[in-house]
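Engineer: Pasting a structure here, questions to come.
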Amino acid sequence: MRKAVVIAAATSGALVLVPTAFGHAAMSPPVAKAKVLQQFTLSVPTEEEGATTTSIELTLPSGFTIDSFEPSPGWKRSAHGQSVTWTGGSVPTDEDSVFRFNASLDSSREYRFSVRQTYSDGKVVEWNGAESSDTPAPLVDGVSSLGGGGGTSTLAIVALIVAAVAVLLAITGLATKGRPLA
């Protein structure tokens, strides 16, 4: 029985760490310090069976400024206004199109991006919906300090949950002192 409790606790802890938007377009880091040049990564999954991702268009929110790009082999990049488009790729099902760039946020607030994904069969997916939708927009939470501050970040909440699970496991271990729970 003790083994089952430990496995259940470990599984619960692992599930807490799984991103809520698994399988969706994502921008990382999800929390970034404002007014600091840092590297961001856009990751867009190819979910269409039998088709490849051939084009990605990223529309930047105001206040998010890209300074430079990391080369993306197999892709051609063009920038126009507040959007960047990568074309010419061929990313198969169950793989991600990944693009990296250095950028900065002008203030502490939420930044919502719009991503337009085009498949080889002509299907287009607009990653610009609400967080609860099938096609949520990638988000970055701009903060004034990564060490704390006025708001509660997702990372802080996850850390508190993981700590609570660890405390419960420690109490269970002390209470049973190696004896079986059943």
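We did not get these values from a lab; they are worked out from the coordinates using the rules stated. Keep in mind that this is a model prediction, so the values were computed, not measured. When we count neighbours, we look across all protein chains shown, and the Cβ atoms used for this are built from the backbone with ideal geometry, even at glycine.
Engineer: How far apart, in nanometres, would the label points at residue 94 and residue 59 be if each is projected 7 angstrom from Cα along the Cα-to-Cβ direction?
Structural biologist: Taking the two extended label points, one gets 3.3 nm.
Engineer: Sticking with this one: Sticking with the crude label model, points 7 Å out along Cα→Cβ, report the distance from residue 124 to residue 102 in nm, one decimal please.
Structural biologist: About 3.4 nm, to one decimal.
Engineer: How would you rank 76, 33, going from fewest to most other Cβ atoms within 10 Å of each one's own Cβ?
Structural biologist: Ordered by Cβ neighbours within 10 Å, fewest first: 76, 33.
Engineer: Under a straight-distance cross-link criterion of Cα-Cα below 19 Å, which aspartates and glutamates are reachable from residue 35, leaving out those fewer than 8 residues away in the same chain?
Structural biologist: 67, 106, 110, 141
Engineer: May I ask you to sort 118, 65 by Cβ crowding, counting other Cβ atoms within 10 Å and putting the fewest first?
Structural biologist: Lowest count first: 65, 118.
Engineer: Run the numbers for residue 161 and residue 43: contour at 0.36 nm per residue of separation, minus the present Cα-Cα distance, in nm.
Structural biologist: Gain in length upon complete extension: 39.8 nm.
Engineer: Return the long-range amide H neighbours of residue 83 (sequence gap of 5 or more, or a different chain), with a cut-off of under 5 Å between placed amide H atoms.
Structural biologist: Excluding prolines and chain starts, which carry no amide H, the hits are 60.
Engineer: Using the 10 angstrom Cβ neighbour count as an exposure proxy, how do 119, 111 rank, fewest first?
Structural biologist: With the sparsest Cβ surroundings first, the list reads 119, 111.
Engineer: If you build the convex hull over the alpha carbons only and average its shadow over all orientations, what do you get for segment 22-146? Give it in nm² to one decimal.
Structural biologist: 7.3 nm²
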